[in-house]
Amino acid sequence: MPYFDQPLSNIALNASFVVPSFLEDCFEFVIEHADVEGIFRVPGNDTEVKRLISIIDATGNVEIHPNTYVFNICNVISRFIKRIPEHLLIDKNVSQWKGDLTLEQVQKKINDLPVLNRAFLSRIFAFFITIASHSKSNLMGVSNLSKILSAVLIEDKKDPYWLLKPEVVAYFFTDYHKIFNSMPGLTSDGQFMTKDEFQNSVGDIFNAFFCQSYANHKPEISAVKQEKQKKMCRIIETSKVTWDEMFTILLHPDPNRLNDNSDAHLTPIS
C-alpha cells in the first residue's frame, strides 16, 4: 500500500501505529543532522526526493545512508505532511482557523480533531521543537519553522493564496505541553521521545481507535446459496498396506504401476 496521499486512518491501520516507521526513520536521521544550517528551508534535489518517495510507496521503507543529503529527507517529511488528504487541521474547518486566535481557542480546536490527527500533530511538533532547539546552529527557530508549517497544515480550497497565520502555528511550539498534554511526544524535560516511548504514550488511545475501526469495518458473513444441481458422491476405499509393503513401494517404485490408471488399489463402494 502507498503511504503518500493516503488518509491517516488507512496509514495507521496498515502500519499498525499512528506514525509509519519510515517517517520515524526520517525524524531520527534529521535530528542527527539538526545543526545543519538552513534545515527545512533548503529544498533539496527534486529528482532524488521523488525517487525516495517512490521507494517509500513501494516498500514502506526510506532509503537512508550516512551520506544521504539531509535536505532531501526534510523535503520528504514536508511533502508527506502536505499531501495528507484534507490535511491535519482538516480543510473543511478552515474558517475556524482564520484570523487571530488565542491559546484557549487553539486548544479547543485541537481537542475537537480526530484522535489520529491529534496524535500525529503531537508527534511532528515534538520533532520540530527538537529541530528548533538547535536554532543557534541551523538558524531555524520557532518563527522560521512556523512559517514553513503554516503552508502544510491546512488549505483553503477557495483561496489558494490563504495561509494559516504563523503566529497561530507558534502556539504549537511555545505551549506544546498544554495543547498535547494527553498524548505528548516530548518527555517532561523536553526530550524527543523514542518511537517506543511515544507508542506507549498513545498506545491506549490508538488501541481504542484500532478496535473501533475493526468493529466498523468487519466483513459481512452471508450464507452460501445451496446449489440446485444434485452432486454425485463417490466414496473411495483404499486397501490396507503393511509397513513392509509400504517401504517396498517407496524404496523400489514400479514405473508401470505409477503409470497404471486402473485403480488397482482403489475399490469403489456402491
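Relative contact order of segment 1-66, please, whole-number percent, based on alpha carbon pairs below 8 angstrom and at least 6 residues apart.
So the answer I get is 44 percent.
Would you mind checking segment 2-41 for residues with the amide N under 19 Å from a putative spin-label position 7 Å along Cα→C-beta of Thr59?
2-4, 15, 20-30
Say the cut-off is 29 Å between C-alpha atoms; which of Lys136/Lys157; Lys82/Lys108; Lys50/Lys147; Lys136/Lys178 go over it?
Lys136/Lys157
Can you give the extra length, in nm with one decimal, that the chain gains between Glu28 and Arg51 once fully stretched, where that is 0.36 nm per residue apart less the Cα-Cα distance?
The Glu28-Arg51 span can extend by a further 6.3 nm.
Find the percent of Cα-Cα distances in segment 25-94 that exceed 18 Å, and round it to a whole number.
40
Taking Rh as the Kirkwood radius, which is the inverse of the mean 1/r over Cα pairs, what is the Rg/Rh value for segment 8-216?
Value, to two decimals: 0.94.
What percent does the relative contact order of segment 8-216 come to when contacts are Cα pairs within less than 8 Å and at least six residues apart?
Across segment 8-216, relative contact order equals 23 percent.
Please work out the C-alpha center-to-center distance from segment 65-91 to segment 141-159 and express it in whole Å.
Taking the Cα centre of segment 141-159 as reference, the centre of segment 65-91 is 13 Å away.
Ser16 to Glu104: FRET efficiency via 1/(1 + (r/R0)^6), r the Cβ-Cβ distance, R0 25 Å, to the nearest 0.05?
About 0.10, to the nearest 0.05.
Since every read-out is calculated from the coordinates, none of them should be taken as a lab result. What you are looking at is a predicted structure, and each value in this text was computed from that prediction instead of being measured. Ideal geometry is used to build each Cβ from the backbone, glycine not excepted, and the neighbour counts take in all protein chains shown.
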